[in-house]
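Asks: I'd like to ask some things about the structure below.
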Amino acid sequence: MVTRATYYKRPHFRTEDRLDFLTDALLEMAGRYGWRLQAWAVFPNHYHFVAISPDDPSSLRTLVTQLHSQTAKYLNQLDGTPRRRVWFQYYDSHITYQRSYLARLKYVHHNPVKHGCAHEATTYRWCSAGWFETHASPAFQRTVDTFQVDRLNVIDDFGDGGWEAR
């Protein structure tokens, strides 16, 4: 699981176009490096994703570095702010227990509701909850939904990122 925040939690991705760009870049970059995304949620000032790594997980650093370089350059060009720092450090955890994995899937899928960005996570288009509802088997969805997430140790003190509930 990876979590990344913008520098000083600033809502640089505050418009639909910017959220689309970041989400598309994340999906493309993950695929390029062989990381199979299982859950993702993208916000104006942070994102989370859960992925299954390729055989050599050392490519995560390159994936994240290139994602942030590409998206920062794009934003700085849009805003006319060359060399502005957009991203802060990222946090990743290697999930080794299935129960932990399933709880984190639920956590990421429901993150838009946690942050007040949506009343139903499946309606927040920069999150995998809608995809999960459509593509995962009903039995697997029920299994994931049974997990408690209130005791997970996930860095997620980002507020709503300046995004109104939709």
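Every read-out reported here was derived from the displayed coordinates using simple, explicitly stated rules and does not represent laboratory data. This structure is a prediction, so every number in the text was calculated from the model and none was measured. Positions of Cβ are generated from backbone atoms using ideal geometry, with glycine treated the same way; all protein chains shown enter the neighbour counts.
Asks: Determine, from the Cβ-Cβ distance of Y97 and W131 and an R0 of 30 Å, the FRET efficiency 1/(1 + (r/R0)^6), rounded to the nearest 0.05.
Replies: 0.80
Asks: Could you list L105, L67 in order of exposure, starting from the residue whose Cβ has the fewest other Cβ atoms within 10 Å?
Replies: Lowest to highest Cβ neighbour count: L67, L105.
Asks: Which ³J(HN,Hα) values, rounded to whole Hz and listed in residue order, are derived for the range 130-137 from phi using the Karplus coefficients 6.51, -1.76 and 1.60 in 6.51 cos²θ - 1.76 cosθ + 1.60 with θ = phi - 60°, glycine and proline given as x?
Replies: x, 4, 4, 4, 7, 9, 7, 5
Asks: Per residue of the range 38-45, what does 6.51 cos²θ - 1.76 cosθ + 1.60 with θ = phi - 60° give for ³J(HN,Hα)? Whole Hz please, x for Gly and Pro, Karplus curve as stated.
Replies: Whole-Hz 3J(HN,Hα) from phi for the range 38-45: 10, 7, 8, 8, 10, 10, x, 10.
Asks: Step through the residues of the range 47-59 one at a time and calculate ³J(HN,Hα) from phi using the Karplus curve (6.51 cos²θ - 1.76 cosθ + 1.60, θ = phi - 60°), rounding each to whole Hz and writing x for Gly and Pro.
Replies: 8, 9, 8, 10, 9, 8, 6, x, 3, 10, x, 5, 6
Asks: Then there is this: In Å, what Kirkwood hydrodynamic radius results for the range 1-149 from the alpha-carbon pair distances?
Replies: Across the range 1-149, the inverse of the average 1/r is 15.8 Å.
Asks: Now, a different point. Please compute the Cα-Cα pair-distance distribution of the range 63-156 with 5 Å bins starting at 0, giving whole percents from short to long.
Replies: Using 5 Å bins, I get a P(r) of 2, 12, 17, 17, 18, 16, 10, 6, 3, 1 for the range 63-156.
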